[in-house]
Amino acid sequence: MTTHRRRPDAVMAMDPNLQSRLFSPAQLEHLEGLVNFTSVAPILHWSDIDDAQLARLEYVITGWLAPTIDREILYRMPRLRAIIHTAGSVKGHIKEEVWDLGIPVTSAAESNSIPVAEYTIAMVLLAGKGVPWITRAYAKSPATLRISSWPLIGNYRRRVGIIGASRIGRRVLAGLSSHDLELYVADPFLTETTAIALGARLVSLDELMATCSIVTIHAPDTSQTKGLVGARELAFLSDDSTVINTARPALIDDSALLAEVQSGRLSAILDVTQPDRLPPEHPYWLLPNVLLTPHIAGSQGTELQRLGDSAIRDLEHLLAGELPDSVVSMESLNFIA
């Protein structure tokens, strides 16, 4: 006699438009073979499902715009076994009570770090070659442009500094290590032995800023790191250096950076700004030495399905009674994005 395993009840709590971008039809079919979704479409509010459905839930798969999971909603989900997040940070929607109850929380931060690192590596190499700035000069006067006007472009033995040996910072170091660059890293929690293993020289933030001509930021946004790079630190950079930020806008003193790029002394490549989408009148738009991208370094387009795969793997581990490597501890919240 064949017996069928009972599929535990689950729900997706996220932007309803996100499901089809995270999960291909094949991925979604695989998920539906693992759990029973109590709602056909993802929910944006807990009121979108009734109390009887909430009481049966064992797994919640969250994503962007997920509703908050706090003490009140946990009381209504007594069977909840795990929360699987399909993006990076869980700080915005998961409250401390979840960890107090010992409910595992997973994150796709490792998977999401891949495209951020790819973007950063590309921008470091392009900035070293002067591409963002030369293309603009070329478009303005193609007949008279002389490459000899940029005698310091090139990536041979260029000194590149990585602020923060986070998972993204480490991927950036790994990706740049195959090039003829001199890599420096600043991170108060990193040991010299680990830095050497990553192919970099461990230095203080001040020394990194004074030594490197391209600096990219990969520290978490915490109360200790807000304004990590301010007027004092930017002043250490030599003329014509480039600052890259794909992390959080709060890590850089924006007024100090604006003053430096307006003077023409420094250049900047910014994938994150405050506000997230700058108004048309913002001075950054007018500066030829500033490259702005609309927060595209993280997972976009086809890369979202990598996050979907991460969620499926986490669910399979949990259903097998195993804790995935992607479990987020409450203690780590002070050190992650």
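Among the residues of region 146-166, are any farther than 24 Å from Gly298 by Cβ, in contact (Cβ under 8 Å) with a residue 40 or more places away in the chain, over 21 Å from the mean Cα position of the chain (by Cα) and loosely packed, with under 15 Cβ neighbours inside 10 Å? First the steps, then the outcome.
Start the filter on region 146-166 by keeping residues that are farther than 24 Å from Gly298 by Cβ, which leaves 146-159.
Those still in the list that are in contact (Cβ under 8 Å) with a residue 40 or more places away in the chain too: 152, 158-159.
Subsequent filtering for residues that are over 21 Å from the mean Cα position of the chain (by Cα) retains 152, 158-159.
Of the ones still in play, those that are also loosely packed, with under 15 Cβ neighbours inside 10 Å are 152.
Taking every residue of region 146-166 in turn, at least one turns out to be farther than 24 Å from Gly298 by Cβ, in contact (Cβ under 8 Å) with a residue 40 or more places away in the chain, over 21 Å from the mean Cα position of the chain (by Cα) and loosely packed, with under 15 Cβ neighbours inside 10 Å.
Is there a residue in region 217-224 that is within 30 Å of Phe23 (Cβ to Cβ), among the hydrophobic types (A, V, I, L, M, F, W, C) and in contact (Cβ under 8 Å) with a residue 40 or more places away in the chain?
Keep residues of region 217-224 that are within 30 Å of Phe23 (Cβ to Cβ), which gives 218, 220-221.
Restricting the remaining residues to those that are among the hydrophobic types (A, V, I, L, M, F, W, C) gives none.
No, there is no match, as no residue in region 217-224 is within 30 Å of Phe23 (Cβ to Cβ), among the hydrophobic types (A, V, I, L, M, F, W, C) and in contact (Cβ under 8 Å) with a residue 40 or more places away in the chain.
Just to be sure I understand, how many residues within region 198-223 are over 18 Å from Ala117 (Cα atoms) and either not assigned by TED's automatic domain parsing to the domain that holds Tyr119 or not polar (S, T, N, Q) (or both)?
Let us first name the residues in region 198-223 that are over 18 Å from Ala117 (Cα atoms), namely 201-213, 222-223.
Of the ones still in play, those that are also either not assigned by TED's automatic domain parsing to the domain that holds Tyr119 or not polar (S, T, N, Q) (or both) are 201-203, 205-210, 212.
Within region 198-223, residues that are over 18 Å from Ala117 (Cα atoms) and either not assigned by TED's automatic domain parsing to the domain that holds Tyr119 or not polar (S, T, N, Q) (or both) number 10.
From the list Arg170, Arg201, pick out the single residue that is surrounded by 20 or more Cβ atoms within 10 Å (Cβ to Cβ), charged (D, E, K, R) and under 25 Å from the mean Cα position of the chain (by Cα).
Numbers: Arg201 fails: surrounded by 20 or more Cβ atoms within 10 Å (Cβ to Cβ).
Going through Arg170, Arg201 in turn, just one is surrounded by 20 or more Cβ atoms within 10 Å (Cβ to Cβ), charged (D, E, K, R) and under 25 Å from the mean Cα position of the chain (by Cα): Arg170.
Keeping to region 225-254, report how many residues are within 23 Å of the chain's Cα centre (by Cα) and without any contact (Cβ under 8 Å) to a residue 24 or more places away in the chain.
Number of matching residues: 1.
Gln274 - would you say it is modelled with pLDDT under 95 and either closer than 23 Å to Ile162 by Cα or not in a loop (DSSP other than H, G, I, E, B) (or both)?
yes
Could you list, in sequence order, the residues of region 143-176 that are among the β-branched types (Val, Ile, Thr) and either at pLDDT 95 or above or assigned to a helix (DSSP H, G or I) (or both)?
Residues of region 143-176 that are among the β-branched types (Val, Ile, Thr), as a first pass: 144, 147, 153, 160, 162-163, 168, 172.
Correct list: Ile147, Ile153, Val160, Ile162, Ile163, Ile168, Val172.
Just give me the residues in region 77-94 being surrounded by 14 or more Cβ atoms within 10 Å (Cβ to Cβ) and more than 25 Å from Pro115 (Cα to Cα), in sequence order.
Residues satisfying the conditions are Met77, Leu80, Arg81, Ala82.
I need a count of the residues in region 314-337 that are surrounded by fewer than 17 Cβ atoms within 10 Å (Cβ to Cβ) and at pLDDT 90 or above.
Residues flagged as surrounded by fewer than 17 Cβ atoms within 10 Å (Cβ to Cβ) and at pLDDT 90 or above within region 314-337 amount to 7.
The values are calculated or read from the model by the stated rules, or taken from the named source; none is laboratory data. What you see is a predicted model, and the numbers here were worked out from it, not measured in a lab. Note that each Cβ is placed from the backbone with ideal geometry, even for glycine, and that neighbours are counted across all protein chains shown.
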